[in-house]
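FYI, it's all coordinate maths here, none of it is from the lab. Nothing here was measured: the structure is a model prediction, and the numbers come from that model. So basically every Cβ, Gly included, is an ideal-geometry build from the backbone, and we count neighbours across all protein chains shown.
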Amino acid sequence: MAETRPNQDMDSYFEAELNKRKASHLYRTWAPPVQATKADFISNNYLGLAGNTIDLLDEQNSGEISFLPSGSTGSRLVSGNHPILTELEEACAQFFNAESCLFFQNGYMANLALLSVAAGRQDTYIYDDACHVSLKDGMRLSLATKYPFRHNDPEDLERKLKKAVGRIFIVVESIYSMDGDLCALQPIAALAEKYHAHIILDEAHSTGTIGPSGRGLTAMMGMEDRIWARIYTFGKALGASGAVLSISKTTKEYLTNFSHPVIYSTAPMPVHAGICLEQLRCLQQNPVLTEKLQANITHWNKSGESIGSVISKNKMSPVQYFLMTGNENALHAAKHLETLGYQTKAMLSPTVKAGTERLRISLHSFNSSTQIDELIRLLGEF
């Protein structure tokens, strides 16, 4: 009798599910790093800061200089609340014009920490149906009622607001990661005020890319005081990883006492916080990077007119796209462009709606006008 491995039945089940995914061209594998020999139109490294090398020094109360430790030793409620975490949060609060900030290892964790406890059983989340999965997963962990509204559609939002009960939270993003368009924030904020709702705004793709000094959409529109909670990430334009919640001091204290990702997670490593602090300072000291990015976005929009409506022309957004039909076509196009030296990302259904499969194009401060023009020319051949 053949020997059976423990839990082989589960491996067999998983293998069958993976084979289904392979057959539908949806099988995921780790991607290689961005190749320096090819034009980068794929990464979230919008300002080129991911290539920074950083000397991390820790100047504490004694004034002595030492290297930041790698390990955090425990949660922030036990032993892991290193002074660099507080320094980073205070710097972020000042930069993003917030009363307080709370740092997390990444944006996914920040969204789970906030949305899992902000609303309770008697409350309501209303969210743009194009929101990132981390926001949806955070809401799913709560006991609140949840309603999606049509993407960037204030009229549909108001229909859902009329059904809402308890405390109401509207969940939106500054720049949406698939379509790359900006949030219709002003009419949404007006509705929030009319229905006494609180806005949770994820500024992931707008951090460092739009607004004065790269401070995002709310800063660009002068609306910081009208948004209940904002999420800013270090994992995109700031070239690191991590995120901060921009919230009131009372909300920070509430999360410290009730949010499981805060209470039960090992604290971010001091060296991690130090990297984020240096990247934030780099952004503050180099506003020209955001200006260069915006110049490239303007150039993309102008050049893209040559191939019509199949290409996005998102004002001010580093996220653009070229529409394809079908997963196989999108995958083929991405592979063909890579052989020509242009790295893009095929976005497939069901991640996007069937019939709107696409190549997602990420623009950067370091892309040349020649690279942009040549990529648009190549796209026009599909």
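Calculated FRET efficiency, residue 190 and residue 86, Cβ-Cβ r, R0 45 Å, to nearest 0.05?
Step by step, r from the Cβ atoms, then E = 0.80.
At 37 °C and 0.692 mPa s, what whole-number value in µm²/s does Stokes-Einstein give for the translational diffusion of region 287-379, with Rh from the Kirkwood sum over Cα pairs?
244
What percent of all Cα-Cα pairs in the chain falls into each 20 Å bin, going from 0 up to the bin containing the maximum distance?
Binned Cα distances yield the sequence 26, 55, 18, 1.
What is the spin-label model distance, in nm, from residue 55 to residue 258 if the labels are put 7 Å beyond Cα along the C-beta direction?
Computed distance between label sites residue 55 and residue 258 equals 4.6 nm.
Using 19 Å as the cut-off for backbone N distance, which residues of region 82-105 belong to the label zone defined by a point 7 Å from the Cα of residue 141 along Cα→Cβ?
Under 19 Å, as judged by backbone N against the label point of residue 141, lie 101-105 of region 82-105.
Based on the Cα coordinates of region 65-285, what is the per residue volume of their convex hull in Å³?
107
Mind checking the dipole of region 109-213: about its Cα centre, +1 per Lys or Arg Cβ, -1 per Asp or Glu Cβ, Debye to the nearest 20?
580
Considering the options 195, 45, 80, tell which one lies farthest towards the positive end of the dipole of the chain, charges being +1 on Lys and Arg and -1 on Asp and Glu at the Cβ, about the Cα centre.
Selected residue: 195.
Report the gain in length on full extension from residue 94 to residue 340: 0.36 nm times residue separation, minus Cα-Cα distance, nm rounded to one decimal.
84.1 nm
Within 10 Å of each candidate Cβ there may be at most 10 other Cβ atoms; applying that plus a DSSP loop requirement, which trypsin sites (Lys or Arg not before Pro) in region 280-376 survive?
When the trypsin sites (Lys or Arg not before Pro) of region 280-376 are filtered for loop state and at most 10 Cβ neighbours within 10 Å, 353 remain.
Can you list the lysines whose alpha carbon is less than 22 Å from that of residue 160, not counting same-chain residues fewer than 8 positions off?
Once the sequence-local lysines are set aside, what remains near residue 160 is 136, 146, 194.
What is the antiparallel percent of DSSP beta bridges lying wholly in the chain, to the nearest 5?
50
Assign unit charges at the C-beta atoms only (+1 for Lys and Arg, -1 for Asp and Glu), then state the dipole size of the chain relative to its Cα centre in Debye, rounded to the nearest 20.
The calculation lands at about 920 debye.
Give me a comma-separated list of calculated 3J(HN,Hα) values for region 191-197, in order, Karplus coefficients 6.51, -1.76, 1.60 applied at θ = phi - 60°, integers in Hz, x for any Gly or Pro.
Once rounded to whole Hz, the list reads 5, 4, 5, 5, 9, 6, 9.
What list of ³J(HN,Hα) values in whole Hz, one per residue of region 38-49 in order, does the Karplus curve 6.51 cos²θ - 1.76 cosθ + 1.60 (θ = phi - 60°) give from phi, with Gly and Pro shown as x?
With the stated coefficients, region 38-49 comes to 10, 6, 8, 10, 10, 7, 8, 7, 4, 10, x, 7 Hz.
Express in nm, to one decimal, how much length is gained between residue 8 and residue 20 on full extension, taking 0.36 nm for each residue of separation and deducting their alpha carbon distance.
2.5 nm
Taking the Cα centre of region 65-285 as origin, sum charge times position over the Cβ atoms of Lys and Arg (+1) and Asp and Glu (-1), and report the length of that vector in debye to the nearest 20.
That gives a dipole near 520 debye.
Where in region 342-382 does the label zone of residue 35 land, with the point 7 angstrom along Cα→C-beta and an amide N cut-off under 19 Å?
342-347, 360-362, 367-368, 371-372, 374-376, 378-379
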